[in-house]
Amino acid sequence: MEKKVILVTGGSGLVGKGMETIIKSDKREDEDWIFLSSKDANLLSKEDTFAVFEKYKPTHVIHLAALVGGLYAHLGNNCDYFRSNVKMDDNILEACHQNKVKKLVSCLSTCIFPDKTSYPIDETMLHNGPPHPSNAAFAYAKRMMDLQNRKYNEEHGCMFTSVVPCNVFGPYDNFDPLHAHVMGALINRAYQAKENGTTFEIWGTGAALRQFIYNLDLAKLFIWVLREYTEVDPIILSPNAEDEVSIKDVAMMILEAFDFKGEVQFLTDKSDGQLKKTASNAKLRTYLPQFQFTSTRQAIKETVQWYIDNYHTEHIRK
């Protein structure tokens, strides 16, 4: 039996930790999983990247590492987001090619799709127009990952593919209110408001609509993609379109999970970002028609409890 050595970059982050949790109960005898963190290698450095490949000699790679952040982290930092992600992704792709990695699965995002488009979006629409200006640099950098996957396949026969998740959240998320995505930032603010008896603030009108996926659900799907999915074309990993919720509703679910009874204020002078980016999971459903997603309400409840239990530990990025 040939052993698979599966290297996961960004292994200490939200999705990587979810994957590590799932693998503990779903590890196969022919698989060795290695979860890298930024302490193990600087993936912005070609030398460090190639050195870590030489050290572990992976046969398969899941590439999660990225410079990421929420709406307000992207505003004013687009140059850094573009340059860092392009450099990191190029290093990983070339290291996989040079080391004859059998399969690479990279992580994109529904936020990289065109801003002006019809809904729901699907995998064929990725390059059909410019992304929302607020995160254009990150979006274009990640679109290049799809382009490079195709070219490495055409020119070298590499099995490089990517997944496109919607908004991910769960244990081990980034809860820093300035750099987190919306779910992590709202959970942080709700905790602080309850602890300090202050007003809970929601940035924007709360009208923007989003699909959310629990990191443990995404981890299960990522592992399926690594083991079973054979297309170079990307695949959207998202709950059903009708499970889309408004930011206002998400905020209320978070407050319910905290049993918060205080004042709530919408800061309507703040940007809502892209108002809608509904994604179709029709392609995923052709492969896994019976996959059960955790409801947003239940996933929020579990994440809030994890946050409370771990607030004073090193696990919380706040």
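The values are calculated or read from the model by the stated rules, or taken from the named source; none is laboratory data. Keep in mind the model is a prediction, meaning the values are calculated, not measured. As a convention, Cβ positions derive from the backbone with ideal geometry for all residues, glycine included, and neighbour counts pool all protein chains shown. When the accessible area is computed, the model is the full protein with side chains, heavy atoms only, and any ligands, DNA or RNA have been set aside. Shrake-Rupley method; radii C 1.70, N 1.55, O 1.52, S 1.80 Å.
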Practice task
For the stretch 143-176, enumerate the residues that are open to solvent by 40 Å² or more (accessible area, probe 1.4 Å) and free of Cβ contacts under 8 Å to residues at least 40 places away in the same chain.
Solution key: Leu147, Lys151, Glu154, Glu155, Gly157
Practice task
Those residues that are under 24 Å from the mean Cα position of the chain (by Cα) and either farther than 13 Å from Asn85 by Cα or among the charged types (D, E, K, R) (or both), I need them from the stretch 35-47; list them, please.
Solution key: Phe35, Leu36, Ser37, Ser38, Lys39, Asp40, Ala41, Lys46
Exercise for the section: Determine if the stretch 14-34 includes at least one residue that is buried (at least 19 other Cβ atoms within 10 Å of the Cβ) and either farther than 21 Å from Phe212 by Cα or over 20 Å from the mean Cα position of the chain (by Cα) (or both). Expected result: yes
Exercise for the section: Name the one entry in Pro114, Pro177 that is touching a Gly at 6+ places or on another chain (Cβ under 6 Å) and more than 23 Å from Tyr287 (Cβ to Cβ). Expected result: Pro114
Exercise for the section: For Lys100, work out the one condition from (1) farther than 30 Å from Leu186 by Cα; (2) at pLDDT below 90; (3) not aromatic (Phe, Trp, Tyr) it doesn't fulfil. Expected result: (2)
Exercise for the section: Mind listing whichever residues of the stretch 186-239 are assigned to a strand (DSSP E or B) and touching a Gly at 6+ places or on another chain (Cβ under 7 Å)? Expected result: Phe200, Tyr214
Handout entry: Of all residues in the stretch 245-266 being within 18 Å of Arg210 (Cβ to Cβ), among the hydrophobic types (A, V, I, L, M, F, W, C) and not in a helix (DSSP H, G or I), the one that is farthest from the chain's Cα centre (by Cα)
Key = Phe266
Handout entry: Single residue of the stretch 277-286 satisfying the filter (surrounded by 14 or more Cβ atoms within 10 Å (Cβ to Cβ) and charged (D, E, K, R)) that is modelled with the lowest pLDDT
Key = Lys277
Problem - Output for the stretch 127-141, where each listed residue is open to solvent by less than 70 Å² (accessible area, probe 1.4 Å), without any contact (Cβ under 8 Å) to a residue 60 or more places away in the chain and of a type outside the set (A, V, I, L, M) - result: Gly129, Pro131
Handout entry: Filter result for Val8 (in contact with a Cys (Cβ under 8 Å, 6 or more places away or on another chain), open to solvent by less than 60 Å² (accessible area, probe 1.4 Å), closer than 20 Å to Arg227 by Cβ and in contact (Cβ under 8 Å) with a residue 24 or more places away in the chain)
Key = no
Problem - When residues of the stretch 60-93 are limited to those that are in contact with a strand residue (DSSP E or B) (Cβ under 9 Å, 6 or more places away or on another chain) and more than 22 Å from Gly11 (Cα to Cα), the one modelled with the lowest pLDDT - result: Tyr72
Practice task
State whether the residues of the stretch 91-107 include one that is in contact with a helix residue (DSSP H, G or I) (Cβ under 8 Å, 6 or more places away or on another chain), surrounded by fewer than 22 Cβ atoms within 10 Å (Cβ to Cβ) and more than 23 Å from Asp48 (Cβ to Cβ).
Solution key: no
Exercise for the section: Tell me, yes or no, whether the stretch 187-209 has at least one residue that is touching a residue at least 40 places away in the same chain (Cβ under 8 Å) and closer than 25 Å to Leu284 by Cβ. Expected result: yes
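Conditions (1) within 23 Å of Ala180 (Cβ to Cβ); (2) assigned to a loop (DSSP other than H, G, I, E, B), marked per residue:
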{"site": "Leu7", "(1), (2)": "no, no"}
{"site": "Gly11", "(1), (2)": "yes, yes"}
{"site": "Val15", "(1), (2)": "yes, no"}
{"site": "Glu20", "(1), (2)": "yes, no"}
{"site": "Ser25", "(1), (2)": "no, no"}
{"site": "Ser37", "(1), (2)": "yes, yes"}
{"site": "Leu43", "(1), (2)": "yes, yes"}
{"site": "Ile62", "(1), (2)": "yes, no"}
Fill in the blank from the handout: Scanning the stretch 273-316 for residues that are more than 19 Å from Pro171 (Cα to Cα), outside any helix (DSSP H, G or I) and under 18 Å from the mean Cα position of the chain (by Cα) gives Gly273, Gln274, Lys276, Lys277, Thr278, Ala279, Ser280, Asn281
Completion exercise
All-but-one check, Val68 against (1) without any contact (Cβ under 8 Å) to a residue 24 or more places away in the chain; (2) outside any helix (DSSP H, G or I), failing number (1)
